[in-house]
1. At 7 Å along Cα-to-Cβ for each site, give me the label-to-label distance between residue 64 and residue 26 in nm.
2. What shape does the stretch 9-85 have by the C-alpha gyration tensor, where a ≥ b ≥ c are the square roots of the eigenvalues, rounded means a/c under 1.5, and otherwise prolate means a/b greater than b/c and oblate the rest?
3. Could you list 86, 53 so that the one with the fewest beta carbons within 10 Å of its beta carbon is first and the one with the most is last?
4. Given +1 on the Cβ of Lys and Arg, -1 on the Cβ of Asp and Glu, and no further charges, what dipole in debye does the stretch 13-91 carry about its Cα centre, rounded to the nearest 20?
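No value in this document is a laboratory result; all are computed from the given coordinates. As the structure is a prediction and not an experimental result, all values here were calculated from the model. Positions of Cβ are backbone-derived with ideal geometry, glycine not excepted, and every protein chain shown enters the neighbour counts.
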Amino acid sequence: MERRLHTRHRARTIVYIIMPDGRRSLCKAVNLSATGVFIRTSGLGLRKGQKVELAFAINLGTITKLHRRTAVVAHVSGGGTGLMMEAYAVR
């Protein structure tokens, strides 16, 4: 049973992740919704419940919007990491 409140969309963007210890990594987004993103990760050592900072650009045709969000790791699998974004407002 699908529990998501917002539709996921295939994503073609790179997500810049800043870990709590200051490490930074570039990862490819697989899908994106209004409240979450699934990214390809390997060896980042992310754990469920951990907070990270995200920065990513969304191309809207003639406009590209830069988004910065705080997110919580919702799950980690062999294929990547699901992140739930905490806020809609740009900081």
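1. 1.2 nm
2. It comes out prolate by the Cα gyration axes.
3. Ascending Cβ contact count within 10 Å gives the list 86, 53.
4. 80 debye
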